[in-house]
Amino acid sequence: MNKLTEAFLTIRKLRDPVTGCPWDLEQTHQSLAKYLVEECYEFLAALASSDDLAMSQELGDILLQIYLHSILAEERGAFSIENVAQQLQEKIIRRHPHVFGNVKVENANDVETNWQQIKAQEKNNPQNSSAFPDDLLKLPGLLAALKIGKISEKINFDWENSSQVAEKVEEEWKELQVELQAQHKEKSEEELGDFLFTVVQLARHLEIDPELALIKANAKFIKRFHRVEQYLEREQKDIHRLSTKELDQYWNRAKGETKKC
């Protein structure tokens, strides 16, 4: 018995009505959904840190969620983990005719074009359907904005270079400032969305993954604030009794020290 099968049987035991785990027995697809999302983001954080051990552990946590959802589906007679694996294998073979068939490709762009065409055929979508399918709106905002930008590039509806995008970012920032000064809540929200969308396009033109960039920024903030908390602990100061100005002084001190690391 291989490790994948052993792991699956271990997870299945958690759902045993008699000897299983009370918490796992209460779970549904809906209650587990958030954990699958969280585990994916935790993997991305490990990736951003180049932490191979953490990456391995987080992939295990994602696999746990896949197994649990498959077991839940199997219990209600919907599908099994074998069905999941079979459908995946069939899809990979179908979408890689240049590997498993006779189709010739020149580069990765050809592969992606073929992939999208095959995907459209699978969904019975005509080739002249919208370049921007509504399915994009089901994705997290940051990822959707990035995918929209990549599609725009393919259909030549894009800026020529990063400098032009940077100018657009500046333009959107100025429009947001106008609405902020006017205290227009709804318009401010709209302009902030435009600003964020354009920042994502700038990241794309710079060949920077905006999600990973944001993950790294989050990690940097937390690392610096941990340093602030260390200062306060040594000086026996209560963070809740300090003013914003005092905290800012500690922050600048931590910022200076972490830059040296």
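Odds and ends about this structure:
- When the chain is treated as a Gaussian network with alpha carbon springs shorter than 10 Å, the biggest mean-square fluctuation among 107, 218, 83 belongs to 107.
- The chain, helix-only ellipticity at 222 nm - DSSP H runs n ≥ 4, -39,500 (n - 2.57), divided by all residues, nearest 500: -24500 deg cm²/dmol
- Extension gain for the segment residue 1 to residue 106, taken as residue separation times 0.36 nm less the Cα-Cα distance, is 33.7 nm to one decimal.
- Pairwise FRET efficiency - residue 38 versus residue 13, Cβ, R0 = 22 Å, nearest 0.05: 0.40
- For the chain, with +1 on Lys and Arg beta carbons and -1 on Asp and Glu, the positive-most of 217, 137, 113 along the dipole: 217
- Annotation for residue 225 and residue 122: the two label points, set 7 Å from Cα along the Cα-Cβ direction, are 4.0 nm apart.
- Taking 185, 237, 245 and counting other C-beta atoms within 10 Å, the order from fewest to most: 245, 185, 237
- Taking a straight Cα-Cα cut-off under 22 Å and skipping sequence neighbours fewer than 8 places away in the same chain, the lysines within cross-link reach of residue 237 are 223, 245, 255.
- FRET E, pair residue 113, residue 212, Förster distance 41 Å, beta-carbon r, rounded to 0.05: 0.95
- Counting every other Cβ atom within 10 Å of each residue's Cβ, 12, 253, 204 order from fewest to most as 253, 12, 204.
- Simple label model, 7 Å out from Cα along Cβ direction - residue 242 to residue 192, nm: 2.6
- Cross-link partners of residue 147 among lysines (Cα-Cα below 27 Å; sequence separation of 8 or more within a chain): 34, 91, 104, 119, 123, 138, 168, 174, 187, 216, 220
- Translational diffusion of segment 135-208, estimated by Stokes-Einstein from the Kirkwood radius over alpha carbon pairs at 4 °C in a medium of 1.567 mPa s, is 100 µm² per second.
- Label assignment, Rg/Rh (Cα atoms, Kirkwood Rh) derived from the structure, set (i) 1.04; (ii) 0.93; (iii) 0.97: (i)
- Relative contact order of segment 3-93, defined on C-alpha pairs under 8 angstrom at six or more residues apart (%): 22
- Estimated vicinal HN-Hα couplings, Hz - segment 13-19 in sequence order (Karplus 6.51, -1.76, 1.60; Gly, Pro = x): 4, 4, 9, 5, x, 9, 10
- Distance between the pseudo-spin-label points of residue 181 and residue 86 (7 Å out from Cα toward the beta carbon): 6.5 nm.
- Efficiency of FRET from Cβ geometry, residue 66 and residue 154, R₀ 30 Å, rounded to 0.05: 0.45
- Residue order, fewest to most surrounding Cβ atoms within 10 angstrom, among 5, 19: 19, 5
Read the figures in this text as sums done on the coordinates, not as results from a lab. Since the structure is predicted, the reported quantities are computational estimates derived from the model, not experimental observations. Quick reminder, even Gly has a Cβ in these numbers, built from the backbone with ideal geometry, and neighbours come from all protein chains shown.
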